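Contents: one structure, followed by commentary.
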Amino acid sequence: MALLAVAGACGSEDDSGPVDGGPSKADLVVWLNGADTPQPARDWLKKTFEEQNPGSTLTIEEQEWEGLVDRLITALTSTDQTPDVVEVGNTQASTFTSVGAFSDLTGDLDDLGGDDLLDGFVEGATVDGKTYAVPYYAGSTYVFYRKDLFEKAGIDAVPTTMDEFVDTAEKLKADNDQKGFSGYWLPGKDWRDGAAFVWDAGGDFAEGDGDSWKGSLTTPETLKGLQAFQDLYESASGAPADANESDPVTPFCAGKIGMMSRPGWVRGMLTDAKTGCPELAKQIGVFALPGSDGEPAPVLLGGSDIAISAKSPNQDLSRKVVDLMLSEDYQTILAEAGLTPARESFASKLGDDEFAQAAIAAASNAKLTPAAPAWATVEGKFILEDLFSQIADGGDVEELATKADEKITATLKK
């Protein structure tokens with residue numbers, strides 16, 4: 001199995017990394033994923049690190065989220081190929097922390113923020129009392145909507161319960177007969193936003209089974225949530241069943257989306273002159289997806305961790321990079337782009353407008369994916385993308401859930 005290869009390559013505690021902290025000057029490589037980290041933050045990190053460490057350079061390499069787990073498994077096994085510092089999704093971290101692929105940061109926690117760090121992220125990267133990654137940013141999704149399309153459809157208030165939300169999505173869809181219009185944009189493969197409907201119904205993707213884990217897609221609660229996803233897709237979404245959640249900005253700006261669940265940083269893309277539609281800025285509203293009980297729905301607590309490769313020959317310099325990425329200056333840049341800071345005391349950097357309020361409300365009831373050590377492998381195999389896409393395509397929910405459950409259980413028990 002690939003993960004065993006990581007563990008074998010990283011070796012025991014005595015040989016999992018360099019003997020000392022490495023040279024005082026080096027060329028460091030940092031992997032950041034997707035477009036989540038704004039360019040001003042990248043520029044600041046490179047400039048500040050190189051100014052503070054004369055003779056060293058820092059190169060940021062952008063990785064696509066899709067296929068990231070496999071690329072990390074390959075890169076982290078080789079001293080020659082490994083990046084020094086990596087960003088990894090918070091739901092993926094446990095796969096690498098549990099096999100020794102990352103350096104132990106336990107002794108650095110106090111200097112990096114200590115109790116001020118987002119607790120759930122630290123806990124998710126801690127194995128046997130040792131912490132191997134620290135939070136980078138968090139970002140629960142909330143609902144972006146077009147105020148002008150609400151008004152056109154005669155909708156005078158945002159929904160406050162899940163039933164009202166579904167009704168609103170269907171009204172928007174019915175009021176717009178253009179091809180591909182979504183009252184609520186819900187691509188078929190978008191299991192991360194689909195998770196809210198599973199959790200709202202009381203279901204989950206996997207559960208503990210003694211010392212192991214097993215899939216829980218066929219429980220009555222999970223099946224109810226999956227059925228709710230299918231019903232909403234069929235009645236309100238115009239997105240393809242075989243599409244993922246990338247690039248919603250173009251159809252949103254074109255008036256083909258009434259509502260969509262996206263992380264806060266999408267706001268910057270929508271209002272950017274190059275990527276979005278700044279002329280529509282006043283027509284963009286936001287609110288936290290409401291749950292069946294009237295409280296915010298349990299959306300996925302997204303976000304990322306940062307870690308140092310155990311194979312990096314530049315341990316001390318890598319720690320300086322991590323320290324900069326958790327600094328107030330750097331985290332403020334992230335917050336201004338709509339990303340929830342890694343340190344709780346920096347939350348005020350988000351501001352106090354409706355976007356900040358939606359972010360805080362969405363995070364108040366957010367959930368993590370199952371804490372199974374092999375969960376990242378489940379994501380890496382696209383089991384959930386396939387399941388939700390087939391459900392969106394009209395497949396039998398229980399039959400599809402049963403097959404996917406078997407795959408999840410087999411993966412988690414390895």
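Let me check the size of the chain from its C-alpha atoms; what are the radius of gyration and Dmax in Å?
Calculated on Cα positions, Rg and Dmax stand at 21.5, 67 Å.
At 7 Å along Cα-to-Cβ for each site, give me the label-to-label distance between Asp316 and Lys130 in nm.
Taking the simple label geometry, Asp316 and Lys130 are separated by 2.1 nm.
Which cross-chain or sequence-distant (5 or more) residues have an amide H under 5 Å from the amide H of Leu58, H modelled 1.01 Å from N in plane?
Residues meeting the amide H criterion: Leu28.
Grab the Cα-Cα distance for Ala281 and Lys152, subtract it from 0.36 nm times how many residues apart they are, and report the gain in nm with one decimal.
44.7 nm
Hey, can you grab everything whose amide H is under 5 Å from the amide H of Ile257? Only 5+ residues off in sequence or another chain; H modelled, so Pro and N-termini drop out.
Ser182
Sort Thr82, Thr160 so that the residue with the fewest other Cβ atoms within 10 Å of its own Cβ comes first and the one with the most comes last.
Working: Thr82 22, Thr160 14.
Ascending number of Cβ neighbours within 10 Å: Thr160, Thr82.
Once fully extended, how much extra length lies between Asp163 and Ser292, figured as 0.36 nm per residue of separation less the alpha-carbon to alpha-carbon distance?
Result: 45.8 nm gained on full extension.
Based on alpha-carbon positions alone, could you give the equivalent ellipsoid semi-axes of the stretch 56-209 from the gyration tensor, as √(5λ), descending, whole Å?
Three semi-axes, in Å: 40, 19, 16.
I want to check the label-to-label distance for Thr402 and Ser212. Put each point 7 Å from Cα in the C-beta direction and report it in nm to one decimal.
About 2.1 nm separates the two model spin labels.
Quickly work out the Ala174-to-Asp119 label distance, labels modelled 7 Å from Cα along the C-beta direction, and quote it in nm with one decimal.
It is 4.5 nm.
Expressed as a rounded percentage, what relative contact order does the chain have, with Cα pairs under 8 Å and six or more residues apart?
Value for the chain: 27 percent.
Rank by packing, highest mean first: peptides 99-110, 55-66, with packing defined as the count of other Cβ atoms within 10 Å averaged across residues.
Packing proxy ranking, top to bottom: 99-110, 55-66.
How much length would be gained if the chain were fully extended between Glu66 and Ser235, taking 0.36 nm per residue of separation minus their Cα-Cα distance, in nm to one decimal? Let's see the in-between values first.
Numbers: separation 169, 0.36 × 169 = 60.84 nm, distance 2.85 nm.
Contour length minus the Cα-Cα distance gives 58.0 nm.
For Ile155, Ile408, what ranking results if the residue with the fewest other Cβ atoms within 10 Å of its Cβ goes first?
Ile155, Ile408
Skipping prolines and chain starts, which residues have an amide H placed within reach, meaning under 5 Å, of the one on Val127, given they are 5 or more residues away or on another chain?
Hits under the 5 Å cutoff: Tyr132.
Report, in deg cm²/dmol and to the nearest 500, the calculated mean residue ellipticity at 222 nm for the chain, where each DSSP H run with n ≥ 4 adds -39500 (n - 2.57) and the sum is divided by the residue count.
Calculated at 222 nm, the ellipticity per residue is -11500 deg cm²/dmol.
For a protection proxy built on the mean count of beta-carbon atoms within 10 angstrom, sort 188-201, 122-135, 392-405 highest first, please.
188-201, 122-135, 392-405
Report the calculated FRET efficiency for Lys274 and Ala347 (r = Cβ-Cβ distance, R0 = 30 Å), to the nearest 0.05.
According to the calculation, E is roughly 0.55.
Return Thr369, Thr218 ranked ascending by Cβ neighbour count within 10 Å, so the fewest neighbours appear first.
In increasing order of surrounding Cβ atoms, one gets Thr218, Thr369.
Set the bar at 20 Å for Cα to Cα. Now go through Lys25/Lys320; Lys47/Lys274; Lys171/Lys274 and name every pair that lies beyond it. It would help to have the intermediate numbers written out before the result.
Numbers: Lys25/Lys320 12 Å; Lys47/Lys274 25 Å; Lys171/Lys274 31 Å.
Where the Cα-Cα span goes over 20 Å, the pairs concerned are Lys47/Lys274; Lys171/Lys274.
Please work out whether the stretch 12-107 counts as rounded, prolate or oblate from its C-alpha gyration tensor, where a ≥ b ≥ c are the square roots of the eigenvalues and a/c under 1.5 means rounded, while otherwise a/b larger than b/c means prolate and anything else oblate?
oblate
Hey, can you rank 285-293, 344-352, 33-41 by average C-beta count inside 10 Å, highest first?
285-293, 33-41, 344-352
Explain nothing, just compute: Karplus ³J(HN,Hα) = 6.51 cos²θ - 1.76 cosθ + 1.60, θ = phi - 60°, for every residue of the stretch 312-320 in order, whole Hz, x for Gly and Pro.
In residue order, the calculated couplings are 5, x, 10, 5, 5, 5, 5, 5, 5 Hz.
Since every read-out is calculated from the coordinates, none of them should be taken as a lab result. Note that the structure is predicted; figures quoted are calculated from it, not measured. A quick note on method: Cβ atoms are made from the backbone with ideal geometry, for glycine too, and the neighbour counts reach across all protein chains shown.
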